[in-house]
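The values are calculated or read from the model by the stated rules, or taken from the named source; none is laboratory data. The structure presented is a predicted model; accordingly, all values stated were derived computationally and were not measured. Here the Cβ is made from the backbone with ideal geometry for all residues, glycine too, and neighbour counts use every protein chain on show. Accessible surface areas use protein heavy atoms only, side chains included; no ligands, DNA or RNA. Shrake-Rupley method; radii C 1.70, N 1.55, O 1.52, S 1.80 Å.
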Amino acid sequence: MNLGQVEHNTRAKSFFNPVLTVNQTLGDPHVIRTTRKDVYGNPITTFYMYTTAHWGIGCYSSHDLVNWTAVGTSGPNQWCYDQLYDQRCLGTHFFWAPAITETANGEFVMFVSSTMDEKDGFNDARLRVAKSCRPDGGFKFVNTLVTDRAFIDPFYMQVIDSQCNTRHFLYFATMADFDVPKEHGPAGIYAAELSDDLSRFISAPMYLFGPNTHPESWVTQGVNEAPWVLQLSATDFIMVYSGNLFNASNYGLGYAVSTTGPLGPYRKAVENPILKNAAGVVSPGHNSFVTDDEGQLWCVYHVDNPDASKKEARMVALDRAHVWHENRQFGIAIRGPTVGKQQAPKIV
């Protein structure tokens, strides 16, 4: 395993992208931050990253966002099959883009799409929920959120609305427009409100936007996917999403803004894409965000291996992001993709 070229200390001081490569794919990285106390009461920060992998779901841990270690003594392959595969209701194949959140009571909730049969295609994928008392495995099936439509790429967000109420939303996507049956509605990004225990929808999936109803010149393959939402205020939200097929040369990131709440309407930014191919970087996209101890926002995303023989062996990269405000407008910029040496995240 290549854990990136870094200068080692207790925490990495600098790094080069990619920060993580393995001999199989590392797609759709979703990073969460956890804090636990040691026997002396000192806080210990651990980041967990979950990925789409050939074997199912990959899980890695890090203390600095640069050095990553596969979770479990049996490696990521056994992590998936020992902890998830035994629960047949969670699915058996095509585990896709896991999203994990830690609740206030220390429970870990996973949202993921999967199919029940190896012969099923992605149009048979269903959004499912699993829960565990720890972040590194033990997830047990709870519920299938939608039984009659195929959705992928879930993202969970807790929202404090203008009335100071706590609400829970799941954002997700369809496959490409040419794969979506017309009776299932338009291709693109959807959202639904979740119950307080995060186990079921309490509203029907709501269409937000897509490649056909909200076209962009850089999106040529009928795909808007992988939503990640940042809340700036009770009314202002930024949604970062990926455009085009994940293995296409023009895969990249765009964003849209809402000034009326978590369900929009969302307006796509004219400067899109905000992350795209560059020298030595192929197909960057499907990201998550995490903040370091100095308040710096970091974008974690996957890139294709530039070696054509290893195209599906996606890798994980890390770059700075910045939310900007100007003349009552707001948006987000990503300082990447990069391949040169840069200062590592500040983690205490």
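See the values below:
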| item | result |
| --- | --- |
| Residues located in region 46-63, provided they are open to solvent by 10 Å² or more (accessible area, probe 1.4 Å) and at pLDDT 90 or above | Thr46, Tyr48, Ser61, His63 |
| Flag for Ser288 being within 17 Å of the chain's Cα centre (by Cα) and either without any contact (Cβ under 8 Å) to a residue 40 or more places away in the chain or assigned to a loop (DSSP other than H, G, I, E, B) (or both) | no |
| Those residues of region 128-145 which are at pLDDT below 90, closer than 18 Å to Trp96 by Cβ and not in a strand (DSSP E or B), in sequence order | Phe139 |
| Search result, residues across region 159-184 that are open to solvent by 10 Å² or more (accessible area, probe 1.4 Å), at pLDDT 85 or above and in contact with a Phe, Trp or Tyr (Cβ under 8 Å, 6 or more places away or on another chain) | His168 |
| Among (1) open to solvent by less than 10 Å² (accessible area, probe 1.4 Å); (2) in a strand (DSSP E or B), the one test that Leu230 misses | (1) |
| Any hit, region 206-220, residues being open to solvent by 40 Å² or more (accessible area, probe 1.4 Å), within 20 Å of Arg128 (Cβ to Cβ) and aliphatic (A, V, I, L, M) | yes |
| Selected residue (criterion: modelled with the lowest pLDDT) from residues of region 8-45 that are among the polar types (S, T, N, Q) and not in a strand (DSSP E or B) | Asn9 |
| Options Ala104, Ala187, Ala125; residue that is modelled with pLDDT under 95, within 18 Å of the chain's Cα centre (by Cα) and over 21 Å from Phe237 (Cβ atoms) | Ala125 |
| Residue among Asn305, Asn287, Asn277 that is open to solvent by less than 70 Å² (accessible area, probe 1.4 Å) and under 30 Å from Ser203 (Cα atoms) | Asn287 |
| Conditions (1) of a type in the set (Gly, Ala, Ser); (2) at pLDDT 95 or above; (3) open to solvent by 80 Å² or more (accessible area, probe 1.4 Å); number of the one not met by Ala333 | (3) |
| Failed condition for Asn272, given (1) exposed (fewer than 14 other Cβ atoms within 10 Å of the Cβ); (2) farther than 28 Å from Val129 by Cβ; (3) among the polar types (S, T, N, Q); (4) modelled with pLDDT of 95 or more | (1) |
| Qualifying residues in region 146-158 (those that are assigned to a strand (DSSP E or B) and on the phi < 0 side of the Ramachandran plot) - the one surrounded by the fewest Cβ atoms within 10 Å (Cβ to Cβ) | Gln158 |
